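Before any comments, here is the structure.
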Amino acid sequence: MEAKSVDAIPRSKAWQYEPKWDGFRCLLSRDGAHVDLRSKSGEDLARYFPEIVAAALALKADRFTLDGEIVVPQGKGFSFDALLQRIHPAASRVTKLSQETPALYLAFDLLATAREKKLAEKPLSERRPALEAFAKANLKGSIFRLSPTTPSYATAKKWLAQSGDGSDGVIAKRIDLPYQAGNRDGMQKIKKFRSADCVVGGFRYATNKLAGRKVVGSLLLGLYDDKGLLHHVGFTSAIKTEAKPDLTDRLEALISAPGFTGNAPGGPSRWSTERSAKWCPLEPKLVIEVRYDHFSGERFRHGTSILRWRPDKAPRQCTFDQLKQKAADPMKLLKAT
């Protein structure tokens, strides 16, 4: 179940509101002695969060499916940087971090239980009470937490205003719809800033070398259209100097044509320069979340800033759909003045 990015919190009795947590979205399923943690991209997260697997196995209920968010507490909030550290190839490192920075699982939907295997087909107005009953009977005293919800628009506005330290906005969900797997019809997200998950389809080297070697200067961003073509939509050059050598190594290992399969950078333009046409195409493997101020004509109008890498998201999930926001009617604005 995906969320559509919108500019304002929808206001009607058809919606309920939740905090938008800054973590890894995760479907957690238990079937007897087996626990599965699945990311939005379909990747198995169980090996990275053994403490959550153990906690799920310790619950009284032995057959259920939850939708929620994995977060890592730090101070009074949650740390996405600490969460990223958990995605590590070495089992010994994962074990060490699971003890030093244990994660929490914030549950916000219940899709199946031993008694109700098709709970996902029921509207959220029925699923939420079922989740609350499940939490009361099973989750107390564990690393599982029940994510709060409210029907109050005023409370949702307060949550949005107080975003930070692990919450980066508000989620609005339609209470009259069943679980909307694979689409954005029943859920909207509202942030204090605009962001988008993009594929890194290529990069350009910086003009100046760093310690005698060529390093990355900018990342070229792409989004998929309905036909599965990856289009160049902009760039980001907000890369920390100290991160450039390692990032360059990572990028160079992925160099492979064509990079972009739709609109590509360096096309004819009165703004083009010889340097702008020189770029290295990449396999579409890396996903990064960027902050932007304006998107029109299928491009970010200005350079973007980097928010975080998204190893939990599949490149194919980075589509133009996430940027479809309700636009103001300019004629109505003119009438209002």
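Data table
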read-out	value
Fraction in percent of alpha-carbon pairs per bin - 10 Å, the range 113-199	13, 37, 38, 11, 0
Whole-Å semi-axes of the ellipsoid equivalent to the range 1-137 (Cα gyration tensor, √5λ, descending)	26, 21, 13
Residue-span extension gain [Asn183 to Glu252] - 0.36 nm each, minus C-alpha spacing	21.4 nm
Which labelled figure in (i) 1.07; (ii) 2.01; (iii) 1.03 is Cα Rg over 2.2 N^0.38 Å, once derived from the coordinates	(i)
Mean accessible surface per residue for the chain, computed with a 1.4 Å probe while every protein chain stays in place, in Å²	51
Calculated diffusion of the range 168-216, Stokes-Einstein form, Kirkwood radius summed over Cα pairs, 25 °C and 0.890 mPa s, µm²/s	162
Low-density loop cleavage sites - chymotrypsin sites (Phe, Trp or Tyr not before Pro) in the range 151-234, where at most 13 other Cβ are within 10 Å (DSSP)	Phe193
The range 139-290: C-alpha pair distances exceeding 26 Å, %	47
On Cα atoms only, tilt of 124-138 relative to the major axis of the chain in degrees	70
Carbon/sulfur fraction of accessible area - the range 202-248, other protein chains in place, 1.4 Å, %	51
Rg/Rg_ref, the range 278-321, where Rg_ref = 2.2 N^0.38 Å and atoms are Cα	1.27
Distance violations [Cα-Cα > 30 Å] among Lys191/Lys285; Lys136/Lys157; Lys4/Lys122; Lys122/Lys227; Lys76/Lys122; Lys278/Lys313	Lys122/Lys227; Lys76/Lys122
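The values are calculated or read from the model by the stated rules, or taken from the named source; none is laboratory data. From a predicted model like this one, the values you see are computed outputs, not experimental measurements. In this analysis, Cβ positions are derived from the backbone assuming ideal geometry, glycine residues included, and neighbour counts consider all displayed protein chains. To get the accessible areas, we keep the full protein, side chains included, count just its heavy atoms, and leave off ligands, DNA and RNA. Shrake-Rupley method; radii C 1.70, N 1.55, O 1.52, S 1.80 Å.
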